[in-house]
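Read-outs: derived from the displayed coordinates by stated rules, not from any lab. Since this is a predicted model, take the numbers as computed values, not measurements. Cβ coordinates were reconstructed from backbone atoms using ideal geometry, including for glycine residues, and neighbour counts include every protein chain displayed.
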Amino acid sequence: AWEEEGIGAIYLSRRQVVPADDEAIPLLLDVIRDSRLSLLNWDREVSRFRGRLQLVREAFPAEQWPDLGDERLLATLAEWLAPFLFRVRSRRDLFGLDLTAALRALCTREQLRLLEERAPTHITVPSGSRIEIDYVSGAEPFLAVKLQEMFGCADTPAIAGGRVKLVLHLLSPARRPVQVTRDLKGFWESGYREVRRELRGRYPKHPWPDDPWNAVPTGKTTRALRGKPS
């Protein structure tokens, strides 16, 4: 807003007036509400947090977890966002808000602890690699992992206290998906043989054992496994 000073019809000066927080925040909330939250920066981190919490909320319906769906966030906008709008004066300020912190504030300390336990950001696979779980790209959480890193594992990894099996995106050495499954045991028993036949000639530096059940899970090449320099 602009404030003009003058005497009668004589114009003297004009200056920009920055509204106080108690004036600006209701206006900001109206603008954000009208945009249906699109003015906020829903980056990968905050989207992942929402996905993790939604998964736990659905897996444990008897517990009271916050609803982070768009409609609920719109309906409670002042409750969760207003405390973070102090000193926001521009679209850049708005886009730079830490939405993850704002949404975390809706949870109790115990809920945040349970969230880390039930919906971890990463999981350790048989090879020892710590791999990120993807809660962002789709409705179902999935794990993208090189096929060789899962050798010897019959049980599909699960989260939420075993209630939710991860969808496995088993990757080639070039990190391209060769199989998408929730049934790892079934893949070793039926699908692996065909994948091995197709890919061992294309990626000869990587292990393709006849018996994946008793092979060492690894992300290394065959040469590296033998202790030889590549």
> In deg cm²/dmol, rounded to 500, what helix-only [θ] at 222 nm does the chain give when every DSSP H run of at least 4 residues adds -39500 (n - 2.57) and the total is split over its residues?
Replying inline: -8500 deg cm²/dmol
>> Amide H of residue 178 versus every other amide H placed in the peptide plane: which residues, excluding those fewer than 5 positions away on the same chain, fall under 5 Å?
In response: 170, 171, 172
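Convert 10 °C to kelvin, take the viscosity as 1.306 mPa s, use the Kirkwood radius over C-alpha pairs of the chain as Rh, and evaluate the Stokes-Einstein diffusion coefficient in µm²/s, rounded to a whole number.
Stokes-Einstein gives a translational diffusion coefficient of 74 µm²/s.
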>> So, R0 is 35 Å and r is the distance between the beta-carbons of residue 63 and residue 225; what FRET efficiency does that work out to, to 0.05?
In response: 0.20
> Mind listing the phi-derived Karplus ³J(HN,Hα) values for region 177-186, rounded to whole Hz, using 6.51, -1.76 and 1.60 with θ = phi - 60°, and x for any glycine or proline?
Replying inline: x, 10, 7, 10, 7, 9, 10, 5, 4, x
> Are there any helices in the chain, counted as whole DSSP H runs, that stretch 15 Å or more along their axis by Cα and score at least -1.0 on average by Kyte-Doolittle, and if so which?
Replying inline: 21-34, 44-59
> How many lysine pairs in the chain, separated by 8 or more positions in sequence or lying on different chains, have Cα atoms less than 18 Å apart?
Replying inline: 8
> How much of the DSSP beta bridge set in region 122-227 is antiparallel, as a percent to the nearest 5?
Replying inline: 70 percent
>> I want the antiparallel fraction of DSSP beta bridges within the chain, as a percent rounded to 5.
In response: 75 percent
> So what are the ³J(HN,Hα) numbers for region 162-176, from phi and the Karplus equation (6.51, -1.76, 1.60; θ = phi - 60°), rounded to whole Hz, Gly and Pro as x?
Replying inline: x, 7, 10, 7, 6, 7, 9, 9, 7, 9, 6, x, 8, 6, 9
>> So if I place +1 on the C-beta of Lys and Arg and -1 on the C-beta of Asp and Glu, and nothing else carries charge, what would the dipole magnitude of region 126-208 be about its Cα centre? I want it in debye, nearest 20.
In response: 340 debye
>> Quick query: amide H of residue 215 versus all other amide H atoms, modeled in the peptide plane; which residues come in under 5 Å with a sequence gap of 5 or more or a different chain?
In response: 152
>> Using the basic label-point model (7 angstrom from Cα toward the beta carbon), what is the residue 44 to residue 31 distance in nanometres?
In response: 2.9 nm
